[in-house]
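*Asks:* Provided herewith is a single structure, encoded as structure tokens, for subsequent inquiry.
What follows is calculated from the coordinates using simple rules that are stated; it is not laboratory data. Quick caveat: nothing in here was measured; it's all calculated off a predicted structure.
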Amino acid sequence: MSAATGSTLAAALAMAAVLLAPGPANRRLLLAGARRGVWNALPLLAVHWLACCLAIGSWCTALGLLARTLPSAMAAAQVCAIGYVLWTAARWWRKAPRCEGSVAAMFSVAMVDAATLFCAAIVFPPLGAAAADVSSAYLMLTALLLPIGACWIMAGAAAARFPKGAVAPASHRRRRRLAALLGGFSGALSTLLPH
């Protein structure tokens, strides 16, 4: 396997792991699937994808400009991205956040999702990279985010078929498991810092 292939595979695995992690945006997709059904929840997935693309582009630009003036900024941003994922896990550990299913709520949550900062700081190429590299990173994001988001929606729709008719609120123990899983993702992903 070539170095470029290994780097692409590591980036894809890191991105998939952070997109699979149970966070606020994925929780909204899960609940939308349970409340609305698969087809009616799919527009929220499109909103989630658009917001992630916009947020990653904004973060990449801001971090790239900051790194030009302060070279250590990218390393600090990578540490902050991992810290943000851990902070999200800690919030889930204490209490599951309130969850609205509106398009505006999904857009705002996806714009500040820990996954977007993580992808911008760790997975996506830096500002000024070749257009082909940036395009392939966005293609990878799309190829991973859409099926993973659809799986969250389908899991919610499947859970809604149980006798109670809806997804049960997250128990204290389940929330803590999700938070530990999210924290584990962050710790594992910190070993993949490519640049």
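*Asks:* Output ³J(HN,Hα) for the range 79-88: one whole-Hz value per residue in order, computed from phi by the Karplus curve 6.51 cos²θ - 1.76 cosθ + 1.60 with θ = phi - 60°, and x for Gly and Pro.
*Replies:* With the stated coefficients, the range 79-88 comes to 5, 5, 4, 5, x, 5, 5, 5, 5, 4 Hz.
*Asks:* Expected output is a single nm value to one decimal: the length gained when fully extending between Leu66 and Ala150, i.e. 0.36 nm times separation in residues minus the C-alpha distance. What is it?
*Replies:* Extra length from Leu66 to Ala150 when fully extended: 26.7 nm.
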